[in-house]
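Asks: For reference, the structure I am asking about is given below.
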Amino acid sequence: MKIAVCVKRVPATDTRIKVGGDGQSIDTAQVEWIVNPYDEFALEAAIQLREAAGEGEVTVVCLGPAEATSELRKCLAVGADKAILLKDPEAASHDAQVTAGALAAAIEGLGVDLVLCGKLAVDRDQGQVGVLLAARLGLPCVTEIKALAVADGMATVERSGDGGNREKFEVTLPAVLTCDKGLNEPRYASMKGIMQAKKKPIDEVEPQLGSGLLDVKSLELPPERAAGKIVGEGVAAVDELVRQLHEEAKVL
Amino acid sequence: MSESILSDLFLGELRSDLALPYPVLDGDQQELLGMLRDSLKRYGADHIDSEAIDRAHAIPEEVLRNLGELGLFSQIVPEEHGGIGLNNTQYVKVCETLTAIDGAVAILSGGHSTLGIKALLLEGTDAQKQRYLPRLATGEMIAAFALSEAGAGSDAQALTTTARRTESGDYRLDGNKLWITNGGVADLFTVFARTPDHPRADGRTSISCFMVEKSAGIQIGPEEDKLGIRGSSTVPLVFDGVPVPADNLVGEPGMGFKLALRILNGGRTGLAAGCLGAARLLLAEAARYTSEREQFGQPIARFELIQQKLARMAHDIHALDCMVYLTTGAVDAGRDVALEAAACKVFGTETLWAVVNDAVQCAGGNGFTTDYPFERMLRDARVNMIFEGTNEILRLMIARTGLAEPGRRMAAGVPSQEHYGRRISGAEAPDPLTVPDGLQADALALSLATAELARASAKALQDHGESLPGRQLVLGALADQSIAAYGQAAVLSRATAVVERLGEEGAAAELQLAKGACRRLARWGRESAASLRDNDDEVLLATAAAVTAAGGMPG
């Protein structure tokens, strides 16, 4: 079973984001980078499928700058077999169309049975690439899956629908699935994995970049949150709390 | 000229060639380190419960096994023997990470890598390495270092455990060891013992180093009930005719004590980095607590006496950070850093103690309860000033070693007008380090501190002559001056590198910390220097004698 996993290099989730001088991108000077956490669920799922099948190959594909080899190396240390870096110093500035196009072009020739993505990347939070990628590849797509099983060329997946409904789908492979938290517990890179990762290949490829449809005009940080409010203590405060949530905060 | 920044400070020399540029890891080294640290941190956050380890006085076996898989025990084992082969900087960065995960885990790791397996790595034969290192790398065998005895603590050379040769050429070990870190969980012990059957040509006590398997018959004593790092194993060992094959003698027979010192001298940066990791965590906890805790209608972080603590912690932590990794960079460049590592250990352990004290104070009554991590970290921090060379012994070592060359030159009567002479008499300060504009004044302060140390050293040699090695108060003050100056050099070096990389504007945070750190260190150095001129040493020593004579409060 051949599986492609799309991964993105994103700022660590505890980064204090600063807007860059251009007002359209973030200041990356002091940023620590990580593999997008949702992509880790996708990678773990791929590795588990390969392990269960006892054969196969997991290829991680990333559109990113040269520095993204660090994140790809991490994926290899966790258990991916090989990595493809679609090297582009401007990777962070593309819209989802361009990203999906570049990924599709790279994945098309791989002949994979399954493409796994995170449900979104925690930097832009848009969740578009997986779906657009499926469209480009002409494959079925299920988003935000929380369970996955593969047998006889079919994937059985579950996702949370509206109102907490559990939706179950059967999808013919190949397909594109985007992965949500709860799908699995991503493993840590073991020493063995880290040492083996040194020897696994990272292919650097020139990406096929189309033209984008969206431009970022400006970025700004959200206003500072106002201080919390203590309405009172114990049961006596419940009525007032409900009233304020209803009338002032308007969340009820 | 020596290869040691710190030692040359006593000569009034500021070794910009050794202090600059600040060493950094290359991309591949950083990447490997990042993966290992990431795994350990995530595993720690998900599966290591420091409170439970502290209460249970043990690290769960499953945690040990999992940490082994993540590479905890293989860090400095070379690749060809199944390890990761980290260099010193990488290894020490992991030490820093580990204390922030759990104090006892950090001690376990250090007892294994810094101490337990080091003799094999440094002087083991290929066969010895092949026999043990692969199993030590996976954690199938955990190692411990057995040097201390009841009568041989700081004076380790006074050890009495003895290895006698048998007719077959093997050895039998008899004696007792004490305070053996990892002793209760270890399978392989690096044991130092007297070897009267290998007399030394110079007539000094013959001590040799042996790798001894627990299964050979070492009796493991009961766990010590300790103030802190309660999850770390500390036990006495009894050797009652334990057989050791001749093949398990490591290094040159009779030269084991030198090897022990080499191991200890080389390992102290790991402990210092451990203090750094714990101190960082404490500062983060204190910063959070003081922002959330409100009194008089505002967060207590708005009050100056709290701000003083937060800043003091940050400045000292920054200084320690710069010192530790300047030192590990020197190790990786192949230099002997016994003095610098000792300086890191002294400054690091005392910084952590001050930081934990400030952090507990910031947290008020809550800091005193087990609901918060402060009290456990306070207990865990205390031992650092005691083990791996007490801070007293290390201060003496730094000063005595640093004074050796000035003393030699003085005895040889090198005319005072010669280069060293002007410097050593303090008449000429060395050229300041080349640093960014904002730190010129601090570079000058270091230059003056260096001249002052040389002057004070010369004066101490003249005033006390042969009795100087016993004048511990003088030596302590000189050691403090040199540690402070080394710290200043490290901070300036790092700031210079960061400004080069990010520009003055981008390096604003670094420069702020550098300034604060340099000033604190410079003040400490000046105070130490002043204490040599203006002190109460005589009355202090007289009172101490009276206390000893009276068995407590005199009179």
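The values are calculated or read from the model by the stated rules, or taken from the named source; none is laboratory data. Just so it is clear, the model here is predicted, and its values are computed rather than measured. Using ideal geometry, Cβ is built from the backbone for each residue, glycine included, and neighbour counts are taken over all protein chains shown. Keep in mind that these areas ignore ligands, DNA and RNA; they rest on the heavy atoms of the full protein, side chains included. Shrake-Rupley method; radii C 1.70, N 1.55, O 1.52, S 1.80 Å.
Asks: Residue under question is A:L173, and the condition is that it be outside the structural domain of A:C6 (by TED's automatic domain parsing), surrounded by 12 or more Cβ atoms within 10 Å (Cβ to Cβ) and in contact (Cβ under 8 Å) with a residue 24 or more places away in the chain; does it hold?
Replies: Taking the combined requirement at face value, the residue does not satisfy it.
Asks: Against the definition (over 30 Å from B:L461 (Cα atoms), modelled with pLDDT of 95 or more, in contact with a Ser or Thr (Cβ under 6 Å, 6 or more places away or on another chain) and within 13 Å of chain A (Cβ to nearest Cβ)), how does B:Q75 come out, yes or no? Explain how you work it out, then say what you get.
Replies: Working: over 30 Å from B:L461 (Cα atoms): yes; modelled with pLDDT of 95 or more: yes; in contact with a Ser or Thr (Cβ under 6 Å, 6 or more places away or on another chain): yes; within 13 Å of chain A (Cβ to nearest Cβ): yes.
So B:Q75 passes the test.
Asks: Right, here's the next one. Tell me, which helices (runs of 4 or more DSSP H) lie completely within region B:472-555 with 1 or more residues that are in contact with a His (Cβ under 7 Å, 6 or more places away or on another chain)? Before you say what the answer is, go through the steps one by one.
Replies: Details: elements: B:472-506, B:508-533, B:537-550.
Qualifying helices (runs of 4 or more DSSP H): B:472-506, B:508-533.
Asks: Would you point out the residue of region B:364-380, among those that are without any contact (Cβ under 8 Å) to a residue 12 or more places away in the chain and part of a loop (DSSP other than H, G, I, E, B), that is nearest to B:I300 (Cα to Cα)?
Replies: Restricting to residues being without any contact (Cβ under 8 Å) to a residue 12 or more places away in the chain and part of a loop (DSSP other than H, G, I, E, B), the top hit is B:F368.
Asks: May I ask you to list the residues in region A:226-252 that are open to solvent by less than 100 Å² (accessible area, probe 1.4 Å) and over 38 Å from the mean Cα position of the chain (by Cα)?
Replies: Of everything in region A:226-252, those that are open to solvent by less than 100 Å² (accessible area, probe 1.4 Å) and over 38 Å from the mean Cα position of the chain (by Cα) turn out to be A:V231, A:G232, A:G234, A:A236, A:A237, A:V238, A:E240, A:R243.
Asks: Give the residue, chosen from B:Q128, B:Q157, that is open to solvent by 40 Å² or more (accessible area, probe 1.4 Å), within 27 Å of B:H198 (Cα to Cα) and touching a residue at least 60 places away in the same chain (Cβ under 8 Å). Steps first, please.
Replies: Numbers: B:Q128 fails: open to solvent by 40 Å² or more (accessible area, probe 1.4 Å).
Going through B:Q128, B:Q157 in turn, just one is open to solvent by 40 Å² or more (accessible area, probe 1.4 Å), within 27 Å of B:H198 (Cα to Cα) and touching a residue at least 60 places away in the same chain (Cβ under 8 Å): B:Q157.
Asks: Suppose we filter region B:507-530 for residues that are farther than 20 Å from B:T351 by Cβ and either exposed (fewer than 15 other Cβ atoms within 10 Å of the Cβ) or not assigned by TED's automatic domain parsing to the domain that holds B:Y486 (or both); how many remain?
Replies: The qualifying residues number 2.
Asks: Follow-up. Filter region A:163-185 down to the residues that are in contact with a Leu (Cβ under 7 Å, 6 or more places away or on another chain) and either over 21 Å from A:E51 (Cα atoms) or in a loop (DSSP other than H, G, I, E, B) (or both), then identify the one that is nearest to the other protein chains (Cβ to nearest Cβ).
Replies: A:L183
Asks: Something else about it: Looking only at residues that are of a type outside the set (D, E) and outside any loop (DSSP other than H, G, I, E, B) in region B:12-25, which one is most open to solvent (accessible area, probe 1.4 Å)?
Replies: Of the residues in region B:12-25, the ones of a type outside the set (D, E) are B:12, B:14-16, B:18-25.
Then drop every residue that is not outside any loop (DSSP other than H, G, I, E, B), which leaves B:16, B:18-19.
Values: B:S16: 58, B:L18: 21, B:A19: 3 Å².
Among them, the one singled out is B:S16.
Asks: Answer yes or no: is there a residue in region B:329-349 that is part of a helix (DSSP H, G or I), in contact (Cβ under 8 Å) with a residue 40 or more places away in the chain and touching a Cys at 6+ places or on another chain (Cβ under 7 Å).
Replies: yes
Asks: Taking the criterion of being farther than 24 Å from A:I107 by Cβ, within 14 Å of chain B (Cβ to nearest Cβ) and free of Cβ contacts under 8 Å to residues at least 40 places away in the same chain, would at least one residue in region A:213-226 satisfy it?
Replies: Within region A:213-226, one or more residues are farther than 24 Å from A:I107 by Cβ, within 14 Å of chain B (Cβ to nearest Cβ) and free of Cβ contacts under 8 Å to residues at least 40 places away in the same chain.
Asks: Select from region B:58-69 the residues that are within 9 Å of another protein chain (Cβ to nearest Cβ) and open to solvent by 10 Å² or more (accessible area, probe 1.4 Å) and list them in ascending order.
Replies: Taking region B:58-69 and keeping what is within 9 Å of another protein chain (Cβ to nearest Cβ), we get B:66, B:68-69.
Once the filter is applied, which keeps residues that are within 9 Å of another protein chain (Cβ to nearest Cβ) and open to solvent by 10 Å² or more (accessible area, probe 1.4 Å), region B:58-69 yields B:N66, B:E69.
Condition check ((1) open to solvent by 10 Å² or more (accessible area, probe 1.4 Å); (2) closer than 23 Å to A:A135 by Cβ) across all residues:
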{"position": "A:R9", "(1), (2)": "yes, no"}
{"position": "A:S25", "(1), (2)": "yes, no"}
{"position": "A:Q30", "(1), (2)": "yes, no"}
{"position": "A:F41", "(1), (2)": "yes, yes"}
{"position": "A:I47", "(1), (2)": "no, no"}
{"position": "A:A77", "(1), (2)": "no, no"}
{"position": "A:L85", "(1), (2)": "no, no"}
{"position": "A:T99", "(1), (2)": "yes, yes"}
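Asks: Then there is this: Write out, first by first residue and then by second, each pair whose Cβ atoms fall under 6 Å of each other, whose residues are 6+ apart or on separate chains, and whose first residue, in region B:31-52, is at the interface with chain A (Cβ under 7 Å from one of its Cβ atoms) and farther than 16 Å from B:G68 by Cα while the second is in a helix (DSSP H, G or I) and open to solvent by less than 20 Å² (accessible area, probe 1.4 Å).
Replies: As it stands, the answer is none, since no pair meets every condition given.
Asks: May I pose another question? Here are A:E40, A:E67: which of them is touching a residue at least 40 places away in the same chain (Cβ under 8 Å) and more than 30 Å from A:V157 (Cα to Cα)?
Replies: A:E67
Asks: Tell me which residues, restricted to region B:126-151, are under 22 Å from the mean Cα position of the chain (by Cα) and among the acidic types (D, E).
Replies: Across region B:126-151, the qualifying residue is only B:E149.
Asks: Does any residue in region B:71-82 that is within 20 Å of B:G34 (Cβ to Cβ) come within less than 9 Å, Cβ to Cβ, of a residue that is among the acidic types (D, E) six or more places away or on a different chain, and which pairs are these?
Replies: Pairs that qualify, where the first residue is within 20 Å of B:G34 (Cβ to Cβ) and the partner is among the acidic types (D, E), are B:F73/B:E140.
Asks: Turning to a different aspect of this structure: Does A:K192 fit the bill of being open to solvent by 100 Å² or more (accessible area, probe 1.4 Å) and within 13 Å of another protein chain (Cβ to nearest Cβ)? Can you show your working first?
Replies: Details: open to solvent by 100 Å² or more (accessible area, probe 1.4 Å): yes; within 13 Å of another protein chain (Cβ to nearest Cβ): yes.
When the stated conditions are applied, A:K192 passes them.
Asks: Here is a follow-up. Looking only at region A:117-135, how many residues end up being in a helix (DSSP H, G or I) and either at positive phi or crowded, with 19+ Cβ neighbours inside 10 Å (or both)?
Replies: Quick first cut of region A:117-135, residues in a helix (DSSP H, G or I) only: A:129-135.
Next, only the ones that are either at positive phi or crowded, with 19+ Cβ neighbours inside 10 Å (or both) stay: A:129-130, A:132-134.
Selection size over region A:117-135: 5.
Asks: Please determine whether any residue of region B:81-97 is crowded, with 24+ Cβ neighbours inside 10 Å and farther than 21 Å from B:V324 by Cβ.
Replies: Yes; the residues of region B:81-97 include at least one that is crowded, with 24+ Cβ neighbours inside 10 Å and farther than 21 Å from B:V324 by Cβ.
Asks: Now a separate question. Kindly check whether there is at least one residue in region A:206-225 that is at pLDDT 95 or above, open to solvent by 90 Å² or more (accessible area, probe 1.4 Å) and out of contact with any strand residue (DSSP E or B) (no Cβ under 9 Å at 6 or more places or on another chain).
Replies: no
Asks: Considering only helices (runs of 4 or more DSSP H) fully contained in region B:26-142, which possess at least 3 residues that are at positive phi and not assigned by TED's automatic domain parsing to the domain that holds B:I207? Outline the logic, then answer.
Replies: Details: elements: B:27-47, B:50-56, B:61-70, B:88-101, B:103-110, B:118-123, B:126-138.
Those helices (runs of 4 or more DSSP H) do not exist here; none qualify.
Rundown of residues vs (1) in a loop (DSSP other than H, G, I, E, B); (2) modelled with pLDDT under 95; (3) open to solvent by 10 Å² or more (accessible area, probe 1.4 Å), yes/no style:
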residue: B:V191; (1), (2), (3): no, no, no
residue: B:P196; (1), (2), (3): yes, no, yes
residue: B:E224; (1), (2), (3): yes, no, yes
residue: B:S232; (1), (2), (3): yes, no, no
residue: B:A260; (1), (2), (3): no, no, no
residue: B:L271; (1), (2), (3): no, no, yes
residue: B:R280; (1), (2), (3): no, no, yes
residue: B:E285; (1), (2), (3): no, no, yes
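Asks: If B:A45 satisfies all but one of (1) touching a Gly at 6+ places or on another chain (Cβ under 7 Å); (2) aliphatic (A, V, I, L, M); (3) open to solvent by 30 Å² or more (accessible area, probe 1.4 Å), what's the number of the condition it fails?
Replies: It fails just one condition, (1).
Asks: On to the next question. What tally of residues in region A:1-19 results from selecting those that are over 30 Å from A:L221 (Cα atoms) and assigned to a strand (DSSP E or B)? Talk me through it step by step, then tell me what you get.
Replies: We begin by selecting, within region A:1-19, every residue over 30 Å from A:L221 (Cα atoms); these are A:1-5.
Next, from what is left, pick out any that are assigned to a strand (DSSP E or B): A:2-5.
Result for region A:1-19: 4.
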